[in-house]
1. If the elastic network links every pair of Cα atoms under 10 Å, which of Leu99, Leu35, Leu18 fluctuates the most in the Gaussian network model of the chain?
2. With springs only between Cα atoms under 10 Å apart, run a GNM on the chain and tell me which of Val25, Val87, Val117 wobbles the most.
3. Within the chain, which whole H helices from DSSP have a Cα span along their axis of at least 20 Å and a mean Kyte-Doolittle hydropathy of -0.5 or more, if any?
4. With charges only on Cβ, +1 for K and R and -1 for D and E, what is the dipole size of the chain about its Cα centre, in debye, rounded to 20?
5. Suppose each label sits 7 Å from its Cα in the direction of the beta carbon; what would the Gln156-Ser69 distance come out to in nanometres?
6. So what's Rg/Rh here for the stretch 1-92, counting alpha carbon atoms and using the Kirkwood radius for Rh?
7. Between Val110 and Met184, what is 0.36 nm times their sequence separation minus the Cα-Cα distance? Round to one decimal in nm.
8. Let me know the longest stretch in the chain that avoids all trypsin sites (Lys or Arg not before Pro) found in a DSSP loop with at most 16 other C-beta atoms within 10 Å.
Amino acid sequence: ERLARLIQVDGAAPIKALLAAGRPVIFMTPHFVGLDMGGTRIAMDFDCVSIYATQRNKVIDRWLHHGRSRFGQQLLLPRNDNIRGVVKAMKNGSPFYYLPDMDQRGKNSVFAPFFGVPASTITGLSRFARMSHAAVVPCVTRMLPGGRGYRVELGQPWGDFPTDDVEADVARMNAEIERIVLTMPAQYY
């Protein structure tokens with residue numbers, strides 16, 4: 001109840017309608033400082049699937065996993081697991097809380113503009129959307145001024161995504177993240 005008061009969610013109704021119609025959903029969630037609070041609140045409203053980076057320290061890994069899976073029926077899969085588990089969960093009605101703006105420097109990366117600089121960017125958003133036929137929905141958590149809490153903003157589903165051009169898809173994602181970052185640069189990692 002306390003978290004529900006502290007963390008507002010805007011834009012959930014259209015997402016619930018998509019899920020009720022059987023459409024998989026990917027929450028495209030850039031790395032802003034409030035992302036764990038946003039993830040917690042999203043998990044209270046939706047039974048999600050998400051990927052996490054396994055920590056080397058087993059105690060910290062257990063602590064993080066516990067904290068991120070306390071609410072709802074959230075399925076947390078290690079990043080190095082097969083992606084089929086994520087796609088299967090999405091097709092079974094679990095939205096995917098996905099943070100695609102990290103540089104993994106792997107074979108599934110391309111260079112795309114990010115604030116005017118070619119940045120190594122993973123292609124996962126395009127690939128996941130293609131495999132699952134999911135709607136991509138921007139999901140941003142803002143820390144409110146004066147310690148008043150957080151606001152999770154669920155945007156409109158993207159039209160015409162993914163395309164047949166993975167590099168164009170990645171450039172579109174980076175441009176959307178840039179647009180959001182400019183609204184609160186101090187809160188972006």
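1. Among Leu99, Leu35, Leu18, the largest mean-square fluctuation in the Gaussian network model of the chain belongs to Leu18.
2. Comparing Val25, Val87, Val117 in the GNM, the peak value goes to Val117.
3. Length and hydropathy pass: 166-181.
4. 700 debye
5. 3.8 nm
6. 0.96
7. 24.0 nm
8. The longest such stretch corresponds to 1-55.
The values are calculated or read from the model by the stated rules, or taken from the named source; none is laboratory data. Everything quoted here is computed from the prediction, not taken from an experiment. Counting neighbours? That spans all protein chains shown, and the Cβs are built from the backbone with ideal geometry, glycine included. Calculation scope for accessible area: heavy atoms of the full protein, side chains included, ligands and nucleic acids excluded. Shrake-Rupley method; radii C 1.70, N 1.55, O 1.52, S 1.80 Å.
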